[in-house]
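Scroll down for the structure; my scribbles are underneath it.
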Amino acid sequence: MAIDRQGTALAILRIAIGVFFIFEGLGKFRWFTDSSILTSQLSDWSHSAASGSVSAWYLHRIALPGVPYFARLVPLGEIVSGVALVTGFFTPLFAFIAFFMALNFQIASGALLRYSFLTSGYGLPVLGSTLALTIGGTRLPWSVR
């Protein structure tokens with residue numbers, strides 16, 4: 001019996017990043033009842049964002065006006081995506097959702113175009129792994145089918 005080494009490796013990655021997103025979502029659980037936590041973080045990023053930058057535009061046009069919704073959708077999305085990735089349920093779809101959420105935070109924080117993005121565990125490793133699972137996450141071992 002041959003072992004699917006690439007599939008097994010992606011399944012391990014899927015489970016690990018899924019656990020990461022579950023705990024990221026649980027860490028934001030208070031956002032469900034107190035959106036001021038997210039408002040404070042986004043406001044801090046807004047004050048430090050360069051005028052005219054993509055981050056400033058994103059924060060002022062999308063993130064800050066949407067705080068009442070994002071404060072509930074982000075933890076819910078992280079927890080649901082994490083559980084789906086751990087179980088292997090619609091892996092490409094939920095990996096893309098996780099990628100999109102992580103990308104939004106990188107843009108909002110202004111980290112995406114900084115050197116620190118390359119050295120942060122929340123930057124390139126998270127975006128790279130979720131994008132890899134979006135592309136190659138079908139029919140992996142230990143998946144709900």
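Report the residue, chosen from LEU73, LEU64, LEU118, that carries the largest GNM mean-square fluctuation when the chain is represented by alpha-carbon nodes joined by springs under 10 Å.
LEU118
How big is D for the stretch 1-72, in µm² s⁻¹ as a whole number, if Stokes-Einstein is applied with the Kirkwood radius of its Cα pairs at 25 °C and 0.890 mPa s? Please report the intermediate quantities before stating the final value.
Numbers: Rh = 14.8 Å.
Answer, rounded: 166 µm²/s.
Using the alpha-carbon atoms, what tilt in degrees (0 to 90, nearest 10) does helix 91-109 show relative to the longest principal axis of the chain?
30
Counting only other residues whose beta carbon sits under 15 Å from that of GLY136, what net charge do I get with K and R as +1, D and E as -1?
Working: positive: ARG5, ARG14, ARG139; negative: ASP4.
For residues surrounding GLY136, the net value is +2.
Does anyone have the angle between helix 67-87 and the longest principal axis of the chain? Alpha-carbon axes, 0 to 90°, nearest 10?
Long axis of 67-87 versus the principal axis of the chain: about 10 degrees.
Work through the residues other than GLY88 whose Cβ is under 14 Å from its Cβ and net out their charges, Lys, Arg +1 and Asp, Glu -1. Could the numbers behind the result be given before it?
Working: positive: ARG14, ARG139, ARG145; negative: ASP4.
Computed value for this residue: +2.
Quick one: net charge around PHE32, please, counting Lys, Arg +1 and Asp, Glu -1 for every other residue with C-beta under 13 Å from its C-beta. Kindly include the intermediate steps, with their values, before the conclusion.
Values: positive: LYS28, ARG30, ARG72; negative: ASP34, GLU78.
Summing Lys and Arg as +1 and Asp and Glu as -1 gives +1.
Tell me the angle of helix 5-27 to the major Cα principal axis of the chain, expressed in degrees between 0 and 90 and rounded to the nearest ten.
30
Please compute the contact order of the chain in relative form: average sequence separation of alpha-carbon pairs under 8 Å and at least six residues apart, divided by the residue count, as a percent. Walk me through the numbers before you get to the answer.
Working: 177 pairs, mean separation 50.9, N = 145.
35 percent.
Would you mind working out the magnitude of the charge dipole of the chain relative to its Cα centre, with +1 at each Lys and Arg C-beta and -1 at each Asp and Glu C-beta, to the nearest 20 Debye?
Numbers: 9 positive and 5 negative charges, 47 e Å.
It comes to approximately 220 debye.
Quick one, what does Rg over Rh come out to for the chain if you take C-alpha atoms and the Kirkwood Rh? Could you put the intermediate results ahead of the total?
Numbers: Rg = 16.4 Å, Rh = 15.9 Å.
Rg/Rh: 1.03.
Every number in this text was worked out from the coordinates using simple rules, so none of it is lab data. Values in this document were obtained by computation on a predicted structure and should not be read as measured data. As a convention, Cβ positions derive from the backbone with ideal geometry for all residues, glycine included, and neighbour counts pool all protein chains shown.
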